[in-house]
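One structure is given below, encoded as structure tokens.
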Amino acid sequence: MVARNATTETEALVVGAGPGGYVAAIRAAQKGVDTTLVEKDAYGGACLNRGCIPSKALITASGLAHEAGTAESMGIHADPAVDLARMTEWKDGVVDRLTGGVEKLCKANGVTLVPGAARFVDDHTVRVARDGDDQEPTSIDFEHAVVATGSRPVEIPGFSFGEDHVWSSAAALAADSVPERLVVVGGGYIGMELATVYAKLGADVTVVELLDDILDPYEDDVKRVVRRRAEALGIEFHFGEDATGWSPAGDGGYLVHTETEAGETPSYAADRVLVAVGRRPVTDGLALENAGVETDDRGFIETDDRTRTAVEHVHAVGDVAGDPLLAHAASKEGIVAAEVIAGESTSLEYQAVPAAVFTDPEIGTVGMTEADAEAAGFEVAVGEMPFHASGRALTTGHTDGFVRLVADAENGTVLGGQIVGPEASELIAEVGLAVELGATLEDVAATIHTHPTLAEAVMEAAENAQGQAIHTLNR
């Protein structure tokens, strides 16, 4: 149902319909809480509309084109023609289906939907401005509120997203043609995912990164696998350089100017510039101060392990509440917020929150690294299985990378894992379950895994940590 009254009341008000907000709204309604969800843009938030889903759609499509064109060793000879406009149209269809599904799920669970931009009047009232001159603002009185307004790309000096040739990640996902030359500013996960997409689509890609490597803070041997593959795709890296601005070039393109710590000022030719240096919380326009809610020096809302802000009945979930800036973490936080509002004793635990990077190959991590575990005082047992020893990996042609398990040497409890290789984003779920349940290396190794599968590499890593691996040499 859609609210139409100029003044309404609700038990729980959720501001923002991204993966934190809509999940919070649905779970609260399922718990019998009268719930209202306010969204000023599109259901599903940045994740469904401008991030997770559209990027993975283009990653899949560009990967398919590249696979078909480079499979001579398998006896396949092809020269795929890529129609990026059509690919983008297909991607948009996926997005539309999912965002429409979110709206339907909210309605089916009895959530009241209010379109518009919310602004706090005080700690129990918001004012919702709607689009259109004939739309009266709506006042909503609430008992509890959940702020789930997400984040947006960071814009840096000298690179305004208002310039057609300067892309945010959202603009890069909406392009209808492939630039001949793409300079990517930022070697984090967003920059590397999109750099890989455009390299596979045929662009000459250059990545400029202020740090001395890509994908901070992943471990060096994990990053090395991804960087080596990216270089094989033709991606060029320049580390220790700060992007300072751009200027027109005589060929109709642009020059991206950088500066090194030593004062050197290199320039790189580009037709488009993608700025992917991080994200910042969306709190402008909310007037959080009217509700007594403060933000930290980075603009994020501080919360406790029950998602409550300093104002106990006002919660914050997802990117707006700070690290980890992950859609699945936002959804979990949304569930916790809803259940706390419903009077339950739920709280957050972050020991088994997985993270994934959809580069080529993928990265999946969860729990502790070896260094983390040692710093926490554990005597550590580590097991690895390289994908070049996996029968299934060999049959796919993707053998870069490895599975690593980190465990407590005293009792074998799995503390974490790092995977870099094919389908790492899927495989890490098994390791996450092991960490969550307190499973041991013996538990994982004793679980019969289907053959031939990539998942066998997780079992082999567990066996390797115990000195009894069959298909790889023991450490």
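The values are calculated or read from the model by the stated rules, or taken from the named source; none is laboratory data. Just so we're clear, the structure is a prediction, and the values are computed from it rather than from any experiment. Note that each Cβ is placed from the backbone with ideal geometry, even for glycine, and that neighbours are counted across all protein chains shown.
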Inset, instruction - Only residues that are in a loop (DSSP other than H, G, I, E, B), under 22 Å from Met368 (Cα atoms) and acidic (Asp, Glu): list them for segment 311-355, please. - result: Asp323, Glu349
Legend entry - Flag for Glu241 being surrounded by fewer than 18 Cβ atoms within 10 Å (Cβ to Cβ), touching a residue at least 12 places away in the same chain (Cβ under 8 Å) and in contact with a Ser or Thr (Cβ under 9 Å, 6 or more places away or on another chain): no
Inset, instruction - Considering each residue of segment 214-253, count those that are of a type in the set (Ser, Thr, Tyr) and part of a strand (DSSP E or B), and give that number. - result: 2
Inset, instruction - Name the one entry in Leu274, Leu286 that is touching a residue at least 24 places away in the same chain (Cβ under 8 Å), buried (at least 16 other Cβ atoms within 10 Å of the Cβ), touching a Phe, Trp or Tyr at 6+ places or on another chain (Cβ under 7 Å) and in a loop (DSSP other than H, G, I, E, B). - result: Leu286
Legend entry - Within segment 424-441, tally of residues that are over 23 Å from the mean Cα position of the chain (by Cα), surrounded by 14 or more Cβ atoms within 10 Å (Cβ to Cβ) and in a helix (DSSP H, G or I): 1
Legend entry - Filter pass, Val197 being under 30 Å from Glu333 (Cα atoms), not aromatic (Phe, Trp, Tyr) and not in a loop (DSSP other than H, G, I, E, B): no
Inset, instruction - Please find, among Ala389, Ala381, the residue that is of a type outside the set (D, E, K, R), buried (at least 21 other Cβ atoms within 10 Å of the Cβ) and touching a residue at least 60 places away in the same chain (Cβ under 8 Å). - result: Ala381
Inset, instruction - Look at Thr258 and say whether it is outside any helix (DSSP H, G or I), within 21 Å of Ser151 (Cβ to Cβ), touching a residue at least 24 places away in the same chain (Cβ under 8 Å) and of a type outside the set (Asp, Glu). - result: no
Legend entry - Residue satisfying all of: in segment 442-458; under 15 Å from Ala381 (Cα atoms) and among the hydrophobic types (A, V, I, L, M, F, W, C); surrounded by the fewest Cβ atoms within 10 Å (Cβ to Cβ) among these: Ala445
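Results for (1) assigned by TED's automatic domain parsing to the domain that holds Val147; (2) under 19 Å from Ala17 (Cα atoms); (3) without any contact (Cβ under 8 Å) to a residue 60 or more places away in the chain, shown as yes or no for each residue.
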position: Glu302; (1), (2), (3): yes, no, yes
position: Asp305; (1), (2), (3): yes, no, yes
position: Arg308; (1), (2), (3): yes, yes, yes
position: Asp319; (1), (2), (3): yes, yes, no
position: Ala327; (1), (2), (3): yes, yes, no
position: Ala330; (1), (2), (3): yes, yes, no
position: Glu333; (1), (2), (3): yes, yes, no
position: Val336; (1), (2), (3): yes, yes, yes
Legend entry - Any hit, segment 6-15, residues being in a loop (DSSP other than H, G, I, E, B), closer than 17 Å to Ala338 by Cβ and assigned by TED's automatic domain parsing to the domain that holds Ala148: no
Legend entry - So Ala145, is it assigned by TED's automatic domain parsing to the domain that holds Gly21, of a type in the set (A, V, I, L, M) and free of Cβ contacts under 8 Å to residues at least 24 places away in the same chain: no
Inset, instruction - Give just the number: which of (1) surrounded by fewer than 18 Cβ atoms within 10 Å (Cβ to Cβ); (2) modelled with pLDDT under 95 does Arg50 not satisfy? - result: (1)
